[in-house]
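Okay, so here's the structure we're looking at.
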Amino acid sequence: MKHTILSIALLVLTALLCEAKEYCVYTIYGKVTCGENNRTVRVKEYIDEDEFVTIHDGGCLILYDEKNNKGRRIALKEIGRQRIKVLVERADDNCMENFMSFGKKLISTLISGKTPTNTGRDMSSQGGSYRADDDNEVLLASVANHYSRSRSGNTPEVEYPITFTLKDSNGAVATRIDSNELYTIGVTNGSSEFLFVNALLIRPDGSKVLLLPIDTGNSCCAHLCIPPYSSVDFTQYARFISAPAGAEIIVIASPVEVDFSILYRDFDTVNADKSAKPTTKLGCIIQHYEAEE
């Protein structure tokens, strides 16, 4: 009887171990196809690890491992046709290499006595306690704090290194904004984490416009997620921009998924209400633009 129970247990364990993993498609950049018929991969569909996918030039597939390792995102960027399982294994290897590379830089920096720019430290925490408030409210307070200090000439250090470009329809980087031109926002994530990004246009009269769309219905910004050490041009969200002289664009990068529409709130009021709270980790860039004559 004991042998029978043990045999059954071993069979069940073997079946569980042999069961193929399944991933949820979190977001897609560029063109990614699947299977022999090269069907287009869709966001939110589930895909088996034994499935073959083709990542075309400039494409990236981000998977969400919700069943086997909750909360884990995996960025697949290798161009060509390959099995999902192989791509995931290679992505894990690349992630470890990036981590080791950053670790060496961190150790070197500590030995030299300099403060590294990406250590996991809250960027302006000055002591006190912090409890898990709503992520959206904390993000708003952080951006308002950063904006206020930047305007006074005291630009704070940011946690996540990002760069930002605004490109016209010819692919040239814009320094002025022409209301008759179609612009594409490009962001580079220089950190070791997945970041959610958006760009906020602030006009001289105080009015604001988010330049990348938000999915308020699903409280989700997966389509604005950029993998570690990656650059994304949001060509699918190219748009006309109405910005008078003196307009500013703030590019925000958050390590947690947030509803960026909260940034429409008045920053001055936020600073008054949240002045005692430490800011959260974020990446933030402010660029000034002049209107075309």
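Things to note:
- Strands (runs of 3 or more DSSP E) wholly inside the range 197-293 that include at least 2 residues being closer than 20 Å to THR184 by Cβ and modelled with pLDDT of 90 or more: 208-210, 230-233, 247-254
- Answer residue from the range 183-232, given it is more than 18 Å from PRO161 (Cβ to Cβ) and of a type in the set (Asp, Glu) and is most open to solvent (accessible area, probe 1.4 Å) among those: ASP205
- Residue list for the range 242-255, restricted to those being over 28 Å from ASP57 (Cβ atoms) and either out of contact with any helix residue (DSSP H, G or I) (no Cβ under 9 Å at 6 or more places or on another chain) or open to solvent by 60 Å² or more (accessible area, probe 1.4 Å) (or both): SER242, ALA243, PRO244, ALA245, GLY246, ALA247, ILE249, PRO255
- Flag for GLU49 being touching a strand residue (DSSP E or B) at 6+ places or on another chain (Cβ under 8 Å), surrounded by 14 or more Cβ atoms within 10 Å (Cβ to Cβ) and modelled with pLDDT of 90 or more: yes
- Test: residue in the range 148-157 that is open to solvent by 10 Å² or more (accessible area, probe 1.4 Å), more than 26 Å from SER230 (Cα to Cα), of a type in the set (Gly, Ala, Ser) and not in a loop (DSSP other than H, G, I, E, B): yes
- Contact map, the range 76-90: residues that are closer than 19 Å to PHE194 by Cβ and exposed (fewer than 15 other Cβ atoms within 10 Å of the Cβ) paired with residues that are modelled with pLDDT of 90 or more and among the β-branched types (Val, Ile, Thr), Cβ distance under 6 Å, separation 6+ or inter-chain. No pairs are found.
The values are calculated or read from the model by the stated rules, or taken from the named source; none is laboratory data. Since this is a predicted model, take the numbers as computed values, not measurements. Because the Cβ atoms are built from the backbone with ideal geometry, glycine has one as well, and the counts that use them run over all protein chains shown. Ligands, DNA and RNA are stripped out before the accessible areas are found, and what is left, the full protein with its side chains, is counted by its heavy atoms. Shrake-Rupley method; radii C 1.70, N 1.55, O 1.52, S 1.80 Å.
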